[in-house]
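So the structure is just underneath, and the comments pick up after that.
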Amino acid sequence: MPNYYYYYKSEHNMAIADDSAEFDYKKHDKKDHCDNYYKKDHKKDRSKLVEFAYQTSDPITTLPLPLTFPLSTQPQVVATATLKDVEKGNVVWLNGLYHVNNNSAEFADLYTRIYRGSISPGNLIYQSIVEIDAEGDADATEAVTQFVDVIPADAKYVTYYLTAQKGPGSEVLGVYAYGPITFTAAEIKQ
């Protein structure tokens, strides 16, 4: 059984057998040998940012917490982001952040959704449901959203809607959304 030696060069680990005649140590020890491999057209295999859209509001929160807008059991737009001239097959990295406060004596379910194109059930691409504790028990928190959407067809404009709403059966609860609000859409070419 041959002994193996490990040779490290540019983050490559190569096992070399004692009797390995085909390995050219002199060529591999040259400074640029491994570096040239990485300089070849490997950059074209990388993804690149094509377009970036965002909406921000209320970047500074003060005490007492603001009651910016009360949530209902229907989707309410928190923020939008519109991309222009999107390309089929590209991906869109969506990030959303807003804050919520439950001023009720019982917990409430919070639905965060993202719609592509318009607010309708057929255009829903993301949904999360979290429980917001009752007043006095960690009832003020942030809603964080991250999602990657694949563009299904070329389009002139695509608008993404970040929405918030209370869960069904929570009509009488006092749940409010407030800032800071940030919603971003980054189109990335694969």
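Couple of notes before you dig in:
- Close pairs (8 angstrom Cβ cut-off, 6 or more residues apart or separate chains): under 18 Å from P59 (Cβ atoms) in segment 127-145, modelled with pLDDT under 90 anywhere: A140/L65
- Subset of segment 150-164 [surrounded by 19 or more Cβ atoms within 10 Å (Cβ to Cβ) and either of a type outside the set (S, T, N, Q) or touching a Ser or Thr at 6+ places or on another chain (Cβ under 6 Å) (or both)]: V158, Y160, Y161, L162, A164
- Residue ID - modelled with the highest pLDDT, chosen from residues in segment 37-81 that are loosely packed, with under 15 Cβ neighbours inside 10 Å and among the β-branched types (V, I, T): V77
The values are calculated or read from the model by the stated rules, or taken from the named source; none is laboratory data. Just so we're clear, the structure is a prediction, and the values are computed from it rather than from any experiment. Note: ideal-geometry Cβ built from the backbone for every residue, glycine included; neighbour counts use all protein chains shown.
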